[in-house]
Amino acid sequence: MSPTLSERVLAGDPRAIARAISYIEDESPSGAEIVRRLFPKTGHAYLVGVTGPPGAGKSTLVDRITAQYRKAGKTIGVVAVDPTSPYSGGAILGDRVRMQAHAGDEGVFIRSMATRGHLGGLARATGEVAVVLDAAGKDIVIIETVGVGQDEVDIVRTADISIVMIVPGTGDEVQALNAGIMEIADIFVVNKADREGADRTVMSIQAMQAMHTFADGEWRPPILKTEATSGLGVPELLETIEKFRQHTLATQGSRRRARAEWRLRELLGHRFIEHVEKQVLAAGEFEQILERIAARETDPYSAVDGIFARAVARSENK
Ligand SMILES: Nc1nc2c(ncn2[C@@H]2O[C@H](COP(=O)(O)OP(=O)(O)OP(=O)(O)O)[C@@H](O)[C@H]2O)c(=O)[nH]1
Ligand SMILES: [Mg+2]
């Protein structure tokens, strides 16, 4: 009997990993099935989130990090998400080039997520891809996202450590980062340190940090300077990631538990809405309800009460 897809993923077969990820992207039932099978085999990988504005040098830095970890004998999986660009062709093309840099190295797997315009399920899909790469035995799984909004914050929240990248610029780049992104940073990286103004950028992050009181023993997110194109500062970044990992060993469990809770609630909500749309409401009814709300003939609260009651009644009659 030939091995199943999940068995091949567990053996680290790159083609099987690619196939499994495609199923997840397509939201096909095979995707859900594979995640179900692989999930019990996860928990080995350390999940590193890298986020920052478009063009910050995320991909270049992730490439450097990957190479550095490879030198240390670690295996790497990378998921790059580009939710801002409706034409992810460019990003994917770029990642093909990146893939070639590691071609023939089975210790590296890089994949871009095509988002097809819908943001909602992106964080979920990213989490599921991380499950696949983790189960495939990768030591480090890097999740690269353009940091702009809540979706990206949610994606990064699925990681064990969040690296927030900033580039020197006009001076208001730090303010431009929304509060959510500031909150999730475990390490700040000021990339393009070869550019004018890098130290000013470091200082403005320090100024923002000064507004926060850190408790005794609380991790104060370090601010590192890197030059991703040359690799300057990358060894220090890896050392800092390791320091953070050591610092949070005791709390990693609760972080992963929070992640599990978030995922459980997210999945449950998703499944319930899907059930309502497919099984409870008649075709076109959702739109009719929307129109009635718009016309102030009903309100969203009563509408939800009504739908919820019908969903429950329906399952009780089964
Ligand atoms: N001068 C300088 N340029 C850099 C540095 N790091 C990256 N770049 C350049 O910045 C550009 C964008 O780099 P990417 O790695 O594609 O940036 P990204 O954040 O992945 O971009 P998106 O995925 O499109 O958001 C490229 O031309 C890089 O060569 C750096 O440290 N210094
Ligand atoms: Mg990129």
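The values are calculated or read from the model by the stated rules, or taken from the named source; none is laboratory data. The structure displayed is predicted, hence computed values, not measured ones. Glycine also receives a Cβ, built like all others from the backbone with ideal geometry; neighbour counts cover every protein chain displayed.
Answer with yes or no whether R292 is among the basic types (K, R) and either more than 32 Å from the chain's Cα centre (by Cα) or in a strand (DSSP E or B) (or both).
yes
Within segment 306-318, how many residues turn out to be without any contact (Cβ under 8 Å) to a residue 12 or more places away in the chain and surrounded by 12 or more Cβ atoms within 10 Å (Cβ to Cβ)?
2
I'm trying to understand the selection: among the residues of segment 61-70, which are among the hydrophobic types (A, V, I, L, M, F, W, C) and near ligand 1 (Cβ under 9 Å from one of its atoms)?
The answer is L61, V62.
Kindly list the number of the only condition in (1) at pLDDT 65 or above; (2) in contact with a Ser or Thr (Cβ under 9 Å, 6 or more places away or on another chain); (3) away from ligand 1 (no atom under 14 Å from the Cβ) that fails for D82.
(3)
Output the residues belonging to segment 13-41 that are over 17 Å from L122 (Cα atoms), touching a strand residue (DSSP E or B) at 6+ places or on another chain (Cβ under 9 Å) and surrounded by 18 or more Cβ atoms within 10 Å (Cβ to Cβ).
I17
Would you check which residues across segment 204-250 are among the aliphatic types (A, V, I, L, M), within 25 Å of I65 (Cα to Cα), over 22 Å from the mean Cα position of the chain (by Cα) and in a helix (DSSP H, G or I) and list them?
I205
Just one of (1) at pLDDT 85 or above; (2) in contact with a strand residue (DSSP E or B) (Cβ under 9 Å, 6 or more places away or on another chain); (3) not charged (D, E, K, R) trips up M99, so point out which.
(1)
Looking at segment 181-199 only, could you name the residues that are assigned to a helix (DSSP H, G or I), within 22 Å of V234 (Cβ to Cβ) and not β-branched (V, I, T)?
Within segment 181-199, A198, D199 qualify.
Which of the residues belonging to segment 38-60 are over 16 Å from the mean Cα position of the chain (by Cα) and within 15 Å of ligand 1 (Cβ to nearest atom)?
Scanning segment 38-60 gives G55, A56, G57, T60.
To keep it simple, each residue is scored yes or no on (1) touching a Phe, Trp or Tyr at 6+ places or on another chain (Cβ under 9 Å); (2) exposed (fewer than 14 other Cβ atoms within 10 Å of the Cβ); (3) in a helix (DSSP H, G or I).
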position	(1), (2), (3)
R259	no, no, yes
R263	no, no, yes
A283	no, yes, no
Q288	no, yes, yes
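If you check A20 against the conditions, is it more than 16 Å from ligand 2 (Cβ to nearest atom) and in contact with a helix residue (DSSP H, G or I) (Cβ under 9 Å, 6 or more places away or on another chain)?
yes
If I filter segment 193-215 for residues that are within 28 Å of T126 (Cα to Cα) and either within 16 Å of ligand 1 (Cβ to nearest atom) or at pLDDT 85 or above (or both), do I get at least one hit?
no
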